[in-house]
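Enquirer: Got a structure for you, written out below as structure tokens; questions coming shortly.
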Amino acid sequence: MNSPEQLDISHLIWQTKYRQAESDEQSVEASWRRIATALAAAEGSDADAWAERFYGFLEGFRFLPGGRIQAGAGSPNQVTLFNCFVMGTIPDSLEGICDSLKEGALTMQQGGGVGYDFSPLRPRGTVTRGAGTIASGPVSFMDVWNAMCATLLSTGARRGAMMATLRCDHPDILEFIDAKTEPGRLQHFNLSVLVTDDLMQAVREDAPWPLVFPADQLGPGESVQTVEREWPGRGSIPCRVLRTLSARELWNHIVGATYQHAEPGVLFVDRINRDNNLYWREHIAATNPCGEIPLPPYGACNLGSLNLVRYVREPFTPMAELDYDTLATDCALAVRMLDNVTDVSGFPLPAQAQQARGSRRIGLGVTGLADALMMLGEYYDSDQARQSAADIMRILRDSAYRASVQLAREKGPFPHFDRAAYLQAPFVQGLPEDIREAIEEHGIRNSHLLAIAPTGTISLLAGNVSSGIEPVFADHQVRKVLLPDSGNRSLTLEDYACRLWRQAPRRCAVPPAYADALSLEPRAHLAMQAALQPYVDNAISKTINIPADYPFEAFREVYERAWRMGLKGCTTYRPNDVTGSVLESGSASHCCDAEREGD
């Protein structure tokens, strides 16, 4: 049987985060009915039939839509069903900066997290070409955004989250890297450096690394040496070299700050853009706050996760197996539900609606992977487990793309679809031949279909299944849950698979294939992420837990190996004096931790 606290956490999460009090919802089943009915409204005359199918899919937490969908679908309030947005390119002017701040506030007010690339802002100390004033630099404006987010929270808005990125060749990159070394500063931001292939190659060669900014935005007095660079929203332009440092010095600074303070993360931006299905019309320089959806300006993430523990048959027995056929069928239903979100959701800004409806991006993923592997008797750090995980994602990829083609036949392809260009995208070229032929004939409904989110809160809602593709954190843990009045409540929770194992007579301790996040080597985390990335057209949110005594040289190699393995980003967490210990606090390093439904 479920423990009282296990039942309590699911009920508490539903009651505090997803229940619509204004409609007097009395049960999670009533919430499922509300969500199913709201999403089926996009089906026209067949809405009632689809509502029943959607409800059956939500029952038992088989499919877990993103937090904003669960909280907002069918709501009379002005909210968005999209979890997070990347905002527009910030203009390098005071008026443009203020307009961007306003857009972010309006988006967060409706429940959306935001991501920004601060690279377009002039570096600290440079002179403007027009007004002749001295720039304070991008990091100073991040403090303004952070204060805005804190102010919104004080009004009772949903706990906010923001992502800030900066180019690895921006002159203020060192200040950006060190921005969170001061405890409490920028606490509503996650930070990630946009790392290019050129930087990684320069690190290998111990070459000099120029820090640059567009020449036409700088006043007199700065260096006259110029180089050509691709710049957000501007293409290839002349940039002045304002400073040169060693590439290895910069890389060690990035990794050293992360080793000591858990941030910044790293986004391999060239790979993100090279592998983007809409490569011909977008330049991506930011992600949603947890990193699994790289997005263009005003792009949005529309997320949902299949709960893998619901597909394991005869768990913990020699006959244990995953029901791949049902998984494939359910994947198609999930694609339809998420596609409908685009039609029924409101948007804080018209530009966001235009971008979302033009590409119809969705991010279907999985949660409960580690628990499912345990139930199958497969140790997380094993070739067998990685192969099983890859098989799951391959089936999801193929099923999702086939379902999206079928939706295109029924409802039309996404408006930005360009048949010839789309079929040349590297990810699309890796699809099975029959899917590529179907896309050529019928088009496809959604530009992107797959992402793996952290799923922290929705996994708690489902009975504390393991989050996303993360290993089990611990068989028991103390979790602090944020309450609406800004207080919190501590609960001792038991992992779903461990609890299921102990329900059988004469069983104790943990399942034979048990592994927790802190006992696994960092290479095991990387290997699992790398096994799945080839089947994910967006990206993967994954935190690599690092022991406090892990040597710095080995830590640096984790990031370099991530680049070599073809990942789109890398995030680690090592206990430290600034952010504390995961074991003591029960929370992750970033503002998008497991206490909130960030995705």
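Enquirer: Using only the Cα atoms of the range 84-287, what are the Rg and Dmax in Å?
Expert: Values for the range 84-287 (Cα only, Rg and Dmax): 16.8, 51 Å.
Enquirer: Which net charge results when you count Lys and Arg as +1 and Asp and Glu as -1 among the other residues whose beta-carbon is under 11 Å from that of Arg124?
Expert: Surrounding charge for Arg124 is -1.
Enquirer: Could you let me know the centre-to-centre spacing of the range 26-52 and the range 280-317, using Cα atoms, in angstrom?
Expert: Centre-to-centre distance over Cα atoms comes out at 23 Å.
Enquirer: Follow-up question, since we're still on this one. Evaluated at 10 °C with a viscosity of 1.306 mPa s, what Stokes-Einstein diffusion coefficient in µm²/s does the chain have when Rh comes from the Kirkwood expression over alpha-carbon pairs?
Expert: D = 65 µm²/s.
Enquirer: Counting other Cβ atoms within 10 Å, keep those with at most 16, restrict to DSSP loop, and tell me which chymotrypsin sites (Phe, Trp or Tyr not before Pro) in the range 1-78 are left.
Expert: Here no loop site has a sparse enough neighbourhood.
Enquirer: For the range 351-453, what is the charge dipole size about the Cα centre, in debye to the nearest 20, if Lys and Arg each add +1 at the Cβ and Asp and Glu each add -1 at the Cβ?
Expert: Magnitude of the dipole: close to 600 debye.
Enquirer: Considering the options Gln529, Leu369, Gly56, tell which one lies farthest towards the positive end of the dipole of the chain, charges being +1 on Lys and Arg and -1 on Asp and Glu at the Cβ, about the Cα centre.
Expert: Gly56
Enquirer: Helix 552-564 versus the longest principal axis of the chain: what angle, 0 to 90°, nearest 10, using Cα atoms?
Expert: Once rounded, one gets 80 degrees.
Enquirer: Could you check the spin-label model distance between Leu94 and Ala21? Points 7 Å from the Cα along Cα→Cβ, value in nm.
Expert: Result: 4.2 nm between the two label points.
Enquirer: Another question about this same structure. Once a ≥ b ≥ c are taken as the square roots of the eigenvalues of the Cα gyration tensor of the range 232-347, is the result rounded (a/c under 1.5), prolate (a/b larger than b/c) or oblate (a/b not larger than b/c)?
Expert: The shape class here is oblate.
Enquirer: Could you pull out the trypsin sites (Lys or Arg not before Pro) across the range 178-262 that fall in loop regions by DSSP (anything but H, G, I, E, B) with no more than 16 other Cβ atoms inside 10 Å?
Expert: Passing both the DSSP loop test and the Cβ count: Arg185, Arg234.
Enquirer: Could I ask something else about it? Which one of Phe213, Thr226, Met163 has its Cα pushed farthest toward the positive end of the charge dipole of the range 84-287, where Lys and Arg give +1 and Asp and Glu give -1 at the Cβ?
Expert: My answer, from the dipole projection, is Met163.
Enquirer: Continuing with the same structure: Pick out, from Cys508, Leu327, Ala554, the residue whose Cα sits farthest towards the positive end of the charge dipole of the chain, with +1 on the Cβ of Lys and Arg and -1 on the Cβ of Asp and Glu.
Expert: So the residue furthest toward the plus end is Leu327.
Enquirer: Once every DSSP H run of n ≥ 4 in the chain is given -39500 (n - 2.57) and the sum is divided by its residues, what mean residue ellipticity at 222 nm do you get, rounded to the nearest 500 deg cm²/dmol?
Expert: Dividing the helical sum by the residues of the chain leaves -12000 deg cm²/dmol.
Enquirer: Take the alpha carbon gyration tensor of the range 262-324, find the square roots of its eigenvalues, order them as a ≥ b ≥ c, and report rounded if a/c is under 1.5; if not, report prolate when a/b exceeds b/c, else oblate.
Expert: prolate
Laboratory data are not the source of any read-out in this text; all were calculated from the coordinates shown. These numbers were taken from a predicted model, which means no experiment stands behind them. Note that each Cβ is placed from the backbone with ideal geometry, even for glycine, and that neighbours are counted across all protein chains shown.
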